[in-house]
Structure formats: C-alpha cells, structure tokens
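Engineer: Would you mind keeping the following structure in view while I ask a few things?
The values are calculated or read from the model by the stated rules, or taken from the named source; none is laboratory data. Quantities reported herein were computed from a predicted structural model and do not represent experimental measurements. As a convention, Cβ positions derive from the backbone with ideal geometry for all residues, glycine included, and neighbour counts pool all protein chains shown.
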Amino acid sequence: QPLSLAARDAIEDLLMDFMSALSMTQHQQVLEAFSRLDLISQGSQCPKLFQLRCLISLLSARHVVLRAATGSGKTLAMILPLLLSPNKIAITVTPLKLLQRDHVHEFEQYGILSITINHDTPHDQTLWSRVSAGAFCNLLVIPEQFFPEGGHIPHLALLLKDLNFVKRIGFFFIDEAHFIIMAGEPKAGEKLA
C-alpha cells in the first residue's frame, strides 16, 4: 500500500539517529506502523517519535513508562502495538469507567475490538466465553477486577488462571496510573458495604 504524502514526509522528518539505530526488524515495524496508521486514518495521522520508541520497546518485550500531557497521543502509543500484533490481547487497566468507555470507542476506530470489564459487565457465560477465546483484542479493566471482592472472585481473575488465555496476552497497559492507588476506595457519593 503506497503511503500518503504526509506519511512519507513524516518518515523523512524522523531523526536519522533514531532510524539508523534500529535493527532491520525494528525498521520494518516502524514502516508497518506508518503504513497501517496511514491506511486507517486515510492519510490524516502519522505516529510521533515517542510513540514509535514505545512501539519498538513494547514489541521487544521491554517495559515502558510513558508520561505525557493530555492529548499528546498516549492512547495511540497503546494502539500501535495492537495494530502490529493482531493475535495478541492487551489488558489495559483504566481506573475510571468514563475513560474506559472513551477508550473502547477510540480503540475501535482503529479496528481493535475492545470491551470494558468492570462491575457493570454482565455475568453472561456467552460473553465470557468470547473474552476467553480472544474475541476482544483489548480488555479495558478496572483494578478491582483482579482481586476477590465481597467474597466474589471476578470473572477476569478466574480467567487469568487459564494458561491458554494468558499465553495470548501480549501487552499490559496501565492508564492514569496515579488513580490506581485509590482502587477499591469508595468514590464520591459511594459508601463501603
């Protein structure tokens, strides 16, 4: 697929130091990221340098901590590795339900089928069978879904004991990490039972 003029210009603008330091595999991954994003966005988006650095690190199974301003493209830094790894699942810990819903919409704009997993997620066996089978590429999860709560073990916590499911997990993202410390705490207007 030929790249748009904007994508070609963006590749040329990348620091030569960055591109020259990449292995052949990493170079191909960068080009693939440009190509997929260019196609999906119809030429309106190109990855930024920090997103490409994150991509290369994540695809090399290295940990990444990304701190950036609101609206700078952190979500796209999570989307890119999923675009290049269609057989992998991401678990994205997102402590706020509103942010979960926003992320589902954003990820799905890039063709990444996503689902929110929180207290409102149905206990429907068909749905959980689909989750287990890898029908969703991105699971947007609140932190409480990893631990027993009120004598109940959440479906996700049980699913993480299934080695076939766990083998498909390629990425574990934490969004809005500064909220994680408050996981399980009552929110405004809530009371602990």
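Engineer: Residues that are surrounded by 12 or more Cβ atoms within 10 Å (Cβ to Cβ) and free of Cβ contacts under 8 Å to residues at least 24 places away in the same chain: which helices (runs of 4 or more DSSP H) entirely in the range 94-162 hold 3 or more of them?
Structural biologist: Here the list reads 97-109.
Engineer: Quick check: anything in the range 87-96 in contact with a helix residue (DSSP H, G or I) (Cβ under 9 Å, 6 or more places away or on another chain), of a type in the set (Lys, Arg) and modelled with pLDDT of 95 or more?
Structural biologist: yes
Engineer: Name every residue in the range 1-21 that is surrounded by 16 or more Cβ atoms within 10 Å (Cβ to Cβ) and either of a type in the set (Ser, Thr, Tyr) or at pLDDT 80 or above (or both), in order of residue number.
Structural biologist: LEU3, SER4, ALA7
Engineer: Yes or no: ILE169 hydrophobic (A, V, I, L, M, F, W, C) and modelled with pLDDT of 85 or more?
Structural biologist: When the stated conditions are applied, ILE169 passes them.
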